[in-house]
Amino acid sequence: MIRVALTGLLGRKLRTALTAFAVVLGVAMVSGTLVLTDSIDKAFNFIFTDVRKGSDVVVTGKSPFHITEGQGTFAPTIPQSLVAKVKALPDVALADGGVKGDAQLVDRNDKAIVFGGAPNLGFSIENGDSPFNPLKLVSGAWPHGNEVVVDENVAKKKHFAVGDTIGVQAEGPVRRLRISGIVKFGSASALGGATLAGFDLQTAQQLFDKEGRVDEIAVAAKPTVTDQEVVNEVRAVLPPTAQVRLGSDQAREDAKQTNSFISFLRGFLLAFGGIALFVGSFVIANSLSITIAQRTRELATLRTLGASRRQVLTSIGIEALVMGTLASVTGLVAGLGLAKGLFRLFDAVGFTLPNSGIVFGTSTIVIALVAGILVTLVASLRPALRATRVPPIAAVREGATLPESRFARFRTVGSALTTLLGFACLAFGLFGPNLGTKGILLYMGLGALLIFIGVALLSVRLIQPLVWVLGWPAKRIGGAAGSLARDNARRNPQRTASTAAALMIGLALVTLVAVLAAGITTSFRGAVNKIWKNADYAITAQNNFTPIPPASAEAAAKNPIVEAVGNVRTGDAGAFGKAFFATAVNPPAATMFTLDWVQGSDRTMAELGDSGAFTDKDYAKTHNLHIGSPVKLTFADGSQKTFTIKGIFDPPPGGSPFGKVTISQATWDRYNENPRNLYAFIRVRGGETPENLQALEKTLAPFPNAKVATRQQFVDNQISGLNSILNILYVLLALSVIVSLFGIVNTLVLTVFERTREIGMLRAIGMTRRQVRRMIRHESVITALIGGVLGIVLGIVLGGLLVARVDFIQFSLPLVSLIIFALLTIVVGILAAIFPARRAARLNVLEALQYE
């Protein structure tokens, strides 16, 4: 039977290749994801290892909770005098203090140098020859005084050389520094677009507003002692606000947030690989079902010659195994190219990732091959079982068909129950009590899987009416060819439903994403229009979301046209045993915003004083807070202060700029070194005018990391980040649509084989080649439209359920996107028909009439 199976595959090369292509794409996505994330992981490991190279022990500021990178809060600094104390310890060979922060490089046109939204890293270099220094000097010398070294990526792309002057902005306005040298970082070939700026210690302290303080102390132990002995010795001289770790432990601590990001990215991308394989399983099952139906007499002959049902099952299984193995190997190799494409995709949408070379690990090979082969075998199981039910008598009967399963009469009920069970699981995952993140994702994933399977099985009952409606234009436009196409689509509802199901899944997910995006966008616009009361402009970071130093807002406040500046500080704080996103405001903010107060009023923001706070309704309900309730906040430096709730507000759908707890700006700044503004809102004399905008832009010219925006620009800028994410999602989901496109191609090619004699008869009685092509094309479009209609409707339903779960999103129907999806469905149908239609039109009439 092995020889029979292999001979059968070789005899159906085209059909096998088209069926296997679905597996190739799915495995390529899985392989590409693993290669991409392993490569990023390797690059980050190099970075964090190189940073701590030479550091046996590291002293840093101590925070009572984990500080989220880039959210406006920093670990406390430590006195510079501590460096001398550490250096004087008997077991310490060398100790250097250093500071670090955001250092925005500025080009000759006074524009911020940014590559793909990556960070702009600035740090001190006390001694260029120090073993703690991870940089390598390419040309020039290490910085002294009013000098800076920059990375070679900046130098090449912006045409800077040693001796040139470059702008640098940190906490204050831009300073012009001489480039003393060009450097590169350790062993990582690319830092993901990050820019590097190095200064001597005194200059760095001035730039980062940390005179007399350092962020960390790198320590090298003497050869005669262990690292742990040095740790114990250093710990004895540290103040309560500092902590000491082994260099390797500090590297792991530095990498925690990055590792979480990589794990998320890996799971995120693997989900799309799973979707592509899931869609591919429908294509495989449908293609094998058709080929088995066409081989009824062949299989019956094998049974007549003595083959048992088990041997027939084994033969089909071997075919699936060989096809799955070849497709998986091809997809595995294609994944390498896809990984490089994903690097470019993320780079194109402003999300540049570090790269130190492609990693193609053993785990990638095993996981990708096992996934592809298993999906193929599982998808072939039902067609294989059907093949075993071919009776031997079918070998001598013309037009014999496969017998129905004894469970076929339960199909409608079973598919309906599967669909209902899927919605029940999805609803429980969304609305069930006491579910953690893993539980929610598990029930949502299981629910979605059951829904797709159930609807795909149930859709066979909808094929007749859908074909009648969706095929009407084909009949009107295509004449006889269109009528035949509609009849062909109705002839085998099971086949049409299975073919459309693959496209249905892809479009359902695309529609789901569009519905969520429309809801988020509409809700955010509504929230801004509701909250933004009496401000004309907003100051944000150039990338729209990174908290920035308040110096730009302070400079704007000095402009004569400015009446008031309302700041929204941001960062991490802790209360009730958990860290969370907190904010702070100054009194002018009370005139800028209108909130829906459950208790309190807009004046509450101006009357917070030293110990007042306000919170949102959900946080108040969770912790049973009301006016007068005490809340003890813990800050990043370990300080604690009890605040009294003076107001509770109900944020609108779309959210608000405020965190769970908001205090006064003066109090926030007292407990947070180097505070950051998330936003600053400005009211000017004369309101929003081109002249006022130009004046503010001129004021902010020395602060290239900040930009001023009108209300409309502010909304558009904030939404632009969502659009970038949407573009990534649409590209990734396009893989499943491509898989479904080849599913339609495969089905049409197989039906052309099946209807060879019929097409020959039509040609014999006068149908032209053009009409044959038109018939196949209309049939393809009808099938695609069925999948499109079912997918769009299902996507809207699923999107509505998700929106109902999320309080800050309002349901909004993206009509323009839905129309585009419908048009793209027609395009998919037309593209899928090109090859099968040409093949059908080229059939020789005489050979077709005698085809067996």
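The values are calculated or read from the model by the stated rules, or taken from the named source; none is laboratory data. The structure presented is a predicted model; accordingly, all values stated were derived computationally and were not measured. Cβ sites come from the backbone with ideal geometry, for glycine too, and all protein chains shown count toward neighbours. Ligands, DNA and RNA are excluded from the accessible area calculation, which covers all protein heavy atoms including side chains. Shrake-Rupley method; radii C 1.70, N 1.55, O 1.52, S 1.80 Å.
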Inset, instruction - Keeping to the range 576-585, report how many residues are in contact with a helix residue (DSSP H, G or I) (Cβ under 9 Å, 6 or more places away or on another chain) and either part of a strand (DSSP E or B) or buried (at least 24 other Cβ atoms within 10 Å of the Cβ) (or both). - result: 5
Inset, instruction - Output the qualifying pairs, or none if there are none: Cβ atoms under 7 angstrom, residues six or more apart or on different chains, first residue in the range 606-628 and touching a residue at least 40 places away in the same chain (Cβ under 8 Å), second residue part of a helix (DSSP H, G or I) and surrounded by 15 or more Cβ atoms within 10 Å (Cβ to Cβ). - result: ASP610/THR667; PHE614/THR604
Inset, instruction - Would you mind finding the one in VAL396, VAL359, VAL370 that is open to solvent by 30 Å² or more (accessible area, probe 1.4 Å), over 23 Å from the mean Cα position of the chain (by Cα) and modelled with pLDDT of 75 or more? - result: VAL370
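Of all the helices (runs of 4 or more DSSP H) wholly in the range 658-760, which have at least 3 residues that are farther than 23 Å from THR546 by Cα, among the β-branched types (Val, Ile, Thr) and in contact with a Gly (Cβ under 8 Å, 6 or more places away or on another chain)?
On the way: elements: 665-671, 690-699, 711-754.
Filter on the range 658-760 gives 711-754.
Pick out, from the range 427-539, the helices (runs of 4 or more DSSP H) lying fully within it that include 3 or more residues that are under 25 Å from the mean Cα position of the chain (by Cα).
Values: elements: 437-458, 463-470, 472-491, 493-531.
Those helices (runs of 4 or more DSSP H) span 437-458, 493-531.
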Inset, instruction - Please determine, by comparing only the residues of the range 638-664 that are modelled with pLDDT of 95 or more and among the polar types (S, T, N, Q), which one is farthest from PHE808 (Cα to Cα). - result: THR642
Legend entry - Some residue of the range 504-521 being over 22 Å from ARG777 (Cα atoms), open to solvent by 60 Å² or more (accessible area, probe 1.4 Å) and of a type in the set (Val, Ile, Thr): yes
Inset, instruction - Output the number of residues of the range 541-575 satisfying the condition of being among the basic types (Lys, Arg) and surrounded by fewer than 24 Cβ atoms within 10 Å (Cβ to Cβ). - result: 1
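Restricting attention to the range 66-116, report how many residues are among the acidic types (Asp, Glu), crowded, with 20+ Cβ neighbours inside 10 Å and under 28 Å from the mean Cα position of the chain (by Cα). Before the answer, list the steps.
Filtering the range 66-116 for residues among the acidic types (Asp, Glu) gives 69, 91, 96, 102, 107, 110.
Retained after the next criterion (residues that are crowded, with 20+ Cβ neighbours inside 10 Å): 96, 102.
The next check asks that each one be under 28 Å from the mean Cα position of the chain (by Cα); those that pass are 102.
Selection size over the range 66-116: 1.
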Legend entry - Unmet requirement for PRO131, which otherwise passes all of (1) in contact with a helix residue (DSSP H, G or I) (Cβ under 9 Å, 6 or more places away or on another chain); (2) in a loop (DSSP other than H, G, I, E, B); (3) in contact (Cβ under 8 Å) with a residue 40 or more places away in the chain; (4) not polar (S, T, N, Q): (1)
Legend entry - Conditions (1) over 30 Å from SER724 (Cα atoms); (2) crowded, with 24+ Cβ neighbours inside 10 Å; number of the one not met by ALA535: (1)
Legend entry - Subset of the range 600-631 (residues that are open to solvent by 70 Å² or more (accessible area, probe 1.4 Å) and either within 36 Å of the chain's Cα centre (by Cα) or within 23 Å of ASN586 (Cβ to Cβ) (or both)): ARG603, GLU607, ASP610, LYS617, ASP618, LYS621, THR622, ASN624, ILE627
